[in-house]
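The values are calculated or read from the model by the stated rules, or taken from the named source; none is laboratory data. Please read all numbers here as calculations on a predicted model, not as lab measurements. Backbone-built Cβ (ideal geometry, glycine too); neighbour counts: all protein chains shown. Note: areas computed on protein heavy atoms with side chains; ligands, DNA, RNA excluded. Shrake-Rupley method; radii C 1.70, N 1.55, O 1.52, S 1.80 Å.
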Amino acid sequence: KFDQFQRNIPYASLVQAFRSLIEQLLTENDLQIADWRQKLLVALGNNGRVIIDLIPELELIIGAQPAVAAIADKEAQNRFNLAFKNFVRVFARSAHPVVLFLDDLQWADEASLLLIQLLMTETQGHYLYIIGAYRDNETTPAHPLILTLDEIGKTEGLVSYITLQPLQSIEVNRLISTTLKVAVETAAALTELVLAKTNGNPFFVNEFLRSLSDRELLVFNYRLNHWQWDLREIQAQAITDNVVELMSANVQKLGMSTQQILKLAACIGNQFDLQTLATVFAQSPQVTATDLLPAILAGLVLPLSDAYKLLESDTEELSHVTIEYKFAHDRIQQAVYLLIPAADKQALHLRMGQLLLQTTPLATPEQKLFEIVNQLNLGRQLIERQQERDELARLNLRVGKKAKQATAYQPVFNYFEVGLSLLEEDCWQQQYDLTLKLYVEAAETKFLLGDLVQMERLIEVVLQTATTLLDKAKVYMLKIKAAVSQNQLVAAVNIALSTLEMMGIVFPTEPSLLDIELSLTEVKSTLAARETQDVADLIDLPEMTDPEKLVAMNFLVEMIYPCYVNSSPLFTLVVSKMVSLSVEYGNTPSSVNAYSLYGIVLCGLADIDGGYRVCQLALKPIEKFDANELQPSTFSVTNCFIRHWKEHV
C-alpha cells in the first residue's frame, strides 16, 4: 500500500510487498531455502548487494554479498533495473506465478511508477500479474500515475481497467436487508437515507450503519430475531454525510490514551510496528499495546499477524518479534490525523523524529532512517538551534545519497532541497563541506531528472562560491555531461579545455599535424624518462595520488567521446596526454581507457605490434584496480579496433 505520508521513501510499497515474500520463503524447510538461494545467486550474479540494500531480509537467504562497484549514475540506474528484473523473474515463473496487489497508486512515488512500468513491459515477464487500485477522483490526465499507465498501455492488451462504481440503490437495499435480517421492502426507506448520506460508498455504508448501532439508533430485537429502528429518530440526528468526519467522531469515543496512540500511529503511516509506536509514546510495548487494544476492538486498527498475542506471554520472547499493525482504511488514518490541531502537527512530527533518532543505533538500516528523517523534516521549521539544523541537513544528505543509489531521483532531490533550506545564510563560511556536497548532489540530481535549467542555477552558485578549482571541477564535469546529453559535443569539449587550462594542461584550439607529432613525441620522451623499455612494464607503475592530476584524467576521459565522434585531431592529443600523465604520475582507473585508446593511435600509425601490446596491457589494470565498470569500454576498443590486426577473426 502506498502511503500519503511516506512518498519520499523510494519504492516503499514494492519493498513492503517483496519483504513479505522473502519472509514467506524463510518459513520453508532448509532444502527449499537452499534451492531458492541457488536460484537467487544465479539470477543476481554480482549484484546481490543492490537488492539487499533494498530488502535486507534477502541476506538471510543468499548470505552477505560484496559491495558493488561505484559507477556513473545512469549506469547505476541500469544496473538496479536489471538486478530488480532478475530478482522478480526468480519468483514469477510458470510453476508459481506472482500476483502483486498495489493499493493507493495515486500516492506512488515516481521511482516506483518507473519500476512498475519496467516490470510490466519486460519481454520475458509472462508470469507477473500486477493489480493496482487508485482513486480516479484524485488524479488528472497529467498525474504521473496516468502518464505511466498510458505508457504501459502502448503495449497492446497489457492494461485492463475495472471502474468501481458506487453501490446502487438495489445493492445497498440488499446489503441492509441481509445485515439487519429484514425484508427488502422493510429496508427501503432506510436504504434511501443511507444512500443520501454515503453516496453508495461501500466503506461509508458499513461505517454509517455501525455508527447508528453505536448510537443505539439500530437495536436488535432478540424476540423477533432482527434489527429495528425508528426512521424519524435517525433523521432527527445530525449525522454527517462526510466519511472522515464520521470516523473522527468514532475515534473520539475512545479513551484519551487510545486517541493519543492513534494520532502517533497516523503520523507514522498506514502501517506501523509496536516498538516504534512505544518509543514515540514513551511507554513500554505492553502498555502501548494495551492502550491500542480498544482501537482494534472497534475495528479501526488491524494486527498484521498473530504476533500481537505474544503480549500476553513472556517479555523475553517479545524482544525477538516484530509486532505490526495497520489502519483498517486510509480514511481512518486521515480522520485521526485531522484530529491533531494544525498548530501541533509540526511539533508532534519533530518530537517523534527526535525520539526515534535518540533510540535508534547509528548503524540503523537506511529504511528506518528514511522514516526518522521524514518525521524530522515535517517539523523542521520549529528547529531553532543552527547546530541541530545542520545535523538534520547532514541526515538529509545521507538519505538522499542512499535514495540516489536506488535511482529514485525525485525523492532524492527533495532530500537535498530540504538540506539546503536548513543551512544558514553564511553556510559557505560556516559549513563549507556540507554546503558544497548538498549543492553538487542537488545539481547532479537535477541533471538526472532532465531539469537542466535548475541544474545550471545550482552549478552557478557553486562556481561563484566554491573556493578551490577541484571543488568547482565537480560541477564543470556536470556541465560537460549535460552538453553531451544534448549532443552539444563542441560545447562539451570547450568546457573541458577551459577547465584543464586552469589546471595547467593546455591544448591548441586547432591542432596541426605538428601538434599531433609533438604529443606522440611527449609520450615517447616520458616513457624514456621512466626508462620503460616496453609498454607492458606500465602495469607496474605506482598508483596516481596527485588530486589535481586525478581530476584532470577524469576530464580527459570525458573528452574522448565527443572528440572521436567529431573526428577531431584533439583525440590523439588527449589520448597522448592521458598516457603521459599515467607514466609520469602513476596509474589510475582512467589509465585503462588511456592505454586501450593509445593502442588505436599506434595501429593508426602502422605500429601494429606496439598497438597490440598496449591492447593486452589495457586489460590488466581492470583487475588491479577492481574497475569492472571499465570492462565494456575496454573490451569494445581492444576487440573492435585492435585485435583484428594480429589475430584471425
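For V301, the residues 5 or more places off, or on other chains, whose built amide H falls under 5 Å of its own are I296, A328.
For segment 529-649, the gyration tensor built on C-alpha atoms gives a rounded shape. Its axis ratio a/c (a ≥ b ≥ c) stays under 1.5. Size descriptors for segment 101-162 (Cα atoms only): Rg and Dmax, in that order, 11.2, 34 Å.
When both segment 1-46 and segment 456-532 are represented by their alpha-carbon centers, they are found 45 Å apart. Non-local amide H neighbours of E543 (under 5 Å, H modeled in plane, Pro and chain starts lacking H): which ones? Distant-sequence amide H within range of E543: N587. Here the chain exposes an accessible surface that is 52 percent carbon and sulfur, computed with a 1.4 Å probe and the other protein chains kept in place. Let me see the P(r) profile for segment 486-527: every Cα-Cα distance counted, bins of 10 Å, each bin given as a percent of all pairs. P(r) over segment 486-527, rounded to whole percents: 25, 41, 30, 5.
The charge dipole of the chain, taken about its Cα centre with unit charges on the Cβ atoms of Lys, Arg (+1), Asp and Glu (-1) only, comes to about 880 debye.
Is the shape of segment 360-478 best called rounded, prolate or oblate, per the rule: a/c under 1.5 gives rounded, else a/b larger than b/c gives prolate, else oblate, with a ≥ b ≥ c the square roots of the Cα gyration tensor eigenvalues? Oblate.
Taking the charge dipole of segment 477-635 about its Cα centre, with +1 at Lys and Arg Cβ atoms and -1 at Asp and Glu Cβ atoms, the residue from V484, Y561, M544 reaching farthest to the positive side is V484. Looking at the chain, the DSSP beta bridges with both ends there are about 65 percent antiparallel.
Sorted from longest to shortest, the spans of the Cα atoms of segment 57-105 along the three principal axes equal 34, 29, 22 Å. Separation of the alpha carbons by more than 30 angstrom is noted, of K181/K309; K479/K524; K326/K446; K39/K404; K85/K577, for K181/K309; K479/K524; K326/K446; K85/K577. The residues of segment 537-624 expose on average 37 square angstrom of accessible surface per residue, using a 1.4 Å probe on protein heavy atoms. Toward the positive end of the charge dipole of segment 153-284, with +1 on the Cβ of Lys and Arg and -1 on the Cβ of Asp and Glu, the farthest Cα among W227, T186, F272 is that of F272. Summing Lys and Arg as +1 and Asp and Glu as -1 over all other residues whose Cβ lies under 15 Å from the Cβ of A443 gives a net charge of +1.
Equivalent ellipsoid of segment 1-115: semi-axes from √(5λ) of the C-alpha gyration tensor, largest first, are 23, 19, 13 Å. Over the residues of the chain, the helix contribution to mean residue ellipticity at 222 nm works out to -19000 deg cm²/dmol, using -39500 (n - 2.57) for each DSSP H run of at least 4.
Peptides 333-345, 265-277 ranked from most to least packed, by the mean per-residue count of other Cβ atoms within 10 Å: 265-277, 333-345.
Once C-alpha pairs closer than 8 Å and six or more residues apart are averaged by separation and normalised to the residue number of the chain, the relative contact order reads 8 percent. With the Kirkwood sum run over all distinct C-alpha pairs, segment 44-164 has a hydrodynamic radius of 16.0 Å.
Answer rounded, prolate or oblate for the chain, using the Cα gyration tensor with square roots of eigenvalues a ≥ b ≥ c: rounded when a/c is under 1.5, else prolate when a/b is larger than b/c, else oblate.
Since a/c reaches 1.5 and a/b is larger than b/c, the shape of the chain is classed as prolate.
Maximal additional length on extending the Q358-S169 stretch stands at 62.6 nm, based on 0.36 nm per residue less the C-alpha distance.
The residue among V575, A196, H648 whose Cα reaches farthest toward the positive pole of the charge dipole of the chain, with charges on the beta-carbon of Lys, Arg, Asp and Glu, is A196.
Sorting 476-485, 455-464 by their mean Cβ neighbour count within 10 Å, with the most densely packed peptide first, gives 476-485, 455-464.
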